[in-house]
Amino acid sequence: MLVSMLATSLAVLIALQIAKPLRQLTKASRDLIDIDESTISTGSSKDEIFQLTQTFNHMALSINQKLSDLETERAKLSTILQEMSDGVIITDRQGTIQLINKAAINLFKVSQAEPIGLTLIEVTRQHQIVELLESCAKNNKTQKVSFEILKTKQFVQAIASPGSDATPSLFLFIFHDITQERKSELTRRDFISNVSHELRQPLAAIKLLSETLLDGAFDDLPSAKHFLQQIDNEVDSLNNLVNELLELSRAEAGHINLELRAVNSLDLLEKIHERLHLLAEQDNINLVIDCPAVLPLIKADKLRLEQVFLNLVHNAIKFSHPGGEILMKAEVGDTELIFSVHDDGIGISEEDLPLVFERFFKADRSRSGVGTGLGLSVARYMVEAHGGKIWAESRQGMGSTFFFTIPFLNSPLTLP
Ligand code: ADP
């Protein structure tokens, strides 16, 4: 009897001892998943093990839900990071890469298949980034630097920030491609220096001529006339420069208002011939029209098109040898007329050919008085505003041919 009572008491004691931590575990689990104790039904489930099982099931469900929410968030962030156009790299204090996105891989032309775990210098080959990390870690502040990527010649701005309180040992790098901004800035600076240079030359000539006149040449009528004529020429070239600059700035701002009408190209070719054949003949150059007797009408702004032609034929005369021949052609294409101006003059070298439509480009800088270097860039804008294309073929010493297309009257206008 005593033995059985002892056994029963022992069993109750053991049960109580087991039940206590079980209850504590159950409560802790409920707290963990935010289950209100009062909402738990006690009914037939007084049994602690049953309650613990139930709570664990709840907990498993809740943890699964939280994990899946976290996974969704992680996937969203990862997509944003990978699709960002800016490069992103996260490293530790030693510069070991913890994360790198697609844009950064492309920007630095990373060759390693698995860059995670490698160092910044191994992956990017840019010492500036390592210096940036040093400075960011030392000052514990966001730091910036701009540099050129050796492999691609692109310019980037890199911003390094120290990690937040939650990630104090990590550093975030953002790389923004500023190649285009830098190019525009350089072009702007180039433009100003080119304009100044182009203005200085005729202004210096006018100054010299007027000083010569004031110094006495004025009293000698034939010399005075000669100097005044030269001044007049210089003023013409200044005028030309200013007009071309205005045209160019209007074109670049997208302010070319074309008056598109049906244009008869034969009339146009004849008009150009009439205007320039005497100038060509002065250099013993023969200006010839070569085209079918009937041509389809084109859709064009007649004055602008004349300007393009005048420029091309002027150049052809300027860069031809005496006794040469210039051919103005029009051929029928699929949806457009293909015009061309061919000369047998000095030609353009292979390396200069892709540059001739650039602003202020002159193959021979020493012939500074000869032109502004703007004519072809204006012509390109005009042709493209018509929905056409312009290009050149040439070989040094073998002459040049400049082509451009203008759509037929009835073809839909395709603007660039
Ligand atoms: P420019 O006013 O100097 O003629 P353009 O823009 O019309 O300016 O031409 C740019 C440069 O392209 C010229 O300075 C010349 O070097 C080259 N070029 C243009 N047309 C010809 C041509 N027909 N033959 C040889 N070189 C040419």
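Give the share of C-alpha pairs in each 10 angstrom bin for the range 113-164, from 0 to the last occupied bin, in whole percents, shortest bins first.
24, 49, 25, 1
Could you check the simple spin-label distance between S196 and I121, using points 7 Å along Cα→Cβ, in nm with one decimal?
So the label points at S196 and I121 sit 4.1 nm apart.
Using a 1.4 Å probe, what is the accessible area per residue for the chain, in Å²?
60 Å²
What nm value, rounded to one decimal, do you get for the distance between V332 and D220 when each label is placed 7 Å out toward the C-beta?
In this crude label model, V332 to D220 measures out at 6.2 nm.
Net charge around E234, counting only other residues with Cβ within less than 14 Å of its Cβ (Lys, Arg = +1; Asp, Glu = -1)?
Net charge in that neighbourhood comes out at -2.
Helix 375-385 against the longest principal axis of the chain: what's the angle in degrees, Cα atoms only, rounded to the nearest 10?
Around 60 degrees separate the two axes.
Which lysines have a Cα less than 24 Å from the Cα of K207, not counting those fewer than 8 places away in the same chain?
K225
Based on DSSP, what percent of beta bridges with both residues in the chain are antiparallel, to the nearest 5?
90 percent
Given a 1.4 Å probe and the protein chains all in place, what does the accessible area of V356 round to, in Å² to the nearest 10?
10 Å²
Which FRET efficiency value, to the nearest 0.05, is calculated for L99 and N57 with the Förster distance at 30 angstrom and r the Cβ-Cβ distance?
FRET efficiency, L99 to N57: 0.25.
Run the simple label-point estimate for L310 and R182 please: 7 Å along Cα→C-beta, distance reported in nm.
With each label point 7 Å from Cα toward Cβ, the separation is 4.1 nm.
Which pairs, out of K66/K102; K271/K389; K153/K389; K109/K153; K271/K329; K271/K302, put more than 19 Å between their alpha-carbon atoms?
Cα-Cα > 19 Å for K66/K102; K271/K389; K153/K389; rest within.
For the range 63-177, taking Cα atoms only, what is the radius of gyration to one decimal and the Dmax to the nearest whole Å?
14.7, 50
Within the range 152-190, list the trypsin sites (Lys or Arg not before Pro) lying in a DSSP loop whose Cβ has at most 15 other Cβ atoms in a 10 Å radius.
Those satisfying the criteria are K153.
Once you list every other residue whose beta carbon is under 11 Å from the beta carbon of I285, what net charge do they have if Lys and Arg are +1 and Asp and Glu are -1?
Neighbour charge sum, excluding I285 itself: -4.
With N denoting the number of residues in the chain, provide Rg(C-alpha) divided by 2.2 N^0.38 Å, to two decimal places.
So the Cα radius of gyration is 1.83 times the expected 2.2 N^0.38 Å.
Could you compute the FRET efficiency for N264 and Q229, with r as their C-beta to C-beta distance and R0 at 35 Å, rounded to 0.05?
Here the calculated transfer efficiency is 0.40.
Given the options A217, A113, A253, state which has the largest fluctuation in a GNM of the chain using a 10 Å cut-off (strictly under) for Cα springs.
Sorting by GNM fluctuation, first place goes to A113.
Show log10 I(q)/I(0) for the range 154-256 at q = 0.16, 0.20, 0.22 Å⁻¹, two decimals, from a solvent-free Debye sum over equal Cα scatterers.
At q = 0.16, 0.20, 0.22 Å⁻¹ the computed log10 ratios are -0.86, -1.02, -1.10.
Using square roots of five times the C-alpha gyration tensor eigenvalues, list the equivalent-ellipsoid semi-axes of the range 232-292 in whole Å, biggest first.
27, 22, 8
Leaving ligands, DNA and RNA out of it, report the carbon-plus-sulfur percent of the accessible area of the range 277-370 at a 1.4 Å probe.
Of the solvent-accessible surface of the range 277-370, carbon and sulfur hold 52 percent.
Please list, in order along the range 59-69, the HN-Hα scalar couplings obtained from phi with the Karplus expression 6.51 cos²θ - 1.76 cosθ + 1.60 (θ = phi - 60°), rounded to whole Hz, x for Gly and Pro.
Those phi angles translate into 4, 4, 4, 5, 5, 4, 4, 5, 4, 5, 4 Hz.
With +1 on each Lys and Arg Cβ and -1 on each Asp and Glu Cβ, and nothing else charged, work out how big the dipole of the chain is about its Cα centre, in Debye to the nearest 20.
1900 debye
Kindly write out, for the range 70-77 in residue order, the coupling ³J(HN,Hα) from the Karplus curve 6.51 cos²θ - 1.76 cosθ + 1.60 (θ = phi - 60°), rounded to whole Hz, with x marking Gly and Pro.
Along the range 70-77, the couplings run 4, 4, 4, 4, 4, 5, 5, 4 Hz.
Tell me the relative contact order for the range 185-304 as a rounded percent, counting alpha carbon contacts under 8 Å between residues six or more apart.
Dividing the mean separation by the residue count of the range 185-304 yields 24 percent.
Can you pull out the trypsin sites (Lys or Arg not before Pro) in the range 57-150 that DSSP calls coil and that have at most 12 other Cβ atoms within 10 Å?
K141
For L297, list long-range residues whose amide hydrogen, built 1.01 Å from N in the peptide plane, is under 5 Å from its own amide hydrogen.
L409
With a cut-off of 17 Å, note down the residues of the range 83-110 whose backbone N falls inside the zone around a label point 7 Å from the Cα of K138 toward its beta carbon.
Answer for the range 83-110: 93-95.
Quick one, what does Rg over Rh come out to for the range 248-379 if you take C-alpha atoms and the Kirkwood Rh?
With Rh from the inverse mean 1/r over Cα pairs, Rg/Rh is 0.97.
The values are calculated or read from the model by the stated rules, or taken from the named source; none is laboratory data. The model shown is predicted, which means the values in this text are computed figures rather than measured ones. Note that we place each Cβ from the backbone using ideal geometry, even for glycine, and neighbour counts take in every protein chain shown. Remember, those area values only see protein heavy atoms, side chains included, never the ligands or the DNA or RNA. Shrake-Rupley method; radii C 1.70, N 1.55, O 1.52, S 1.80 Å.
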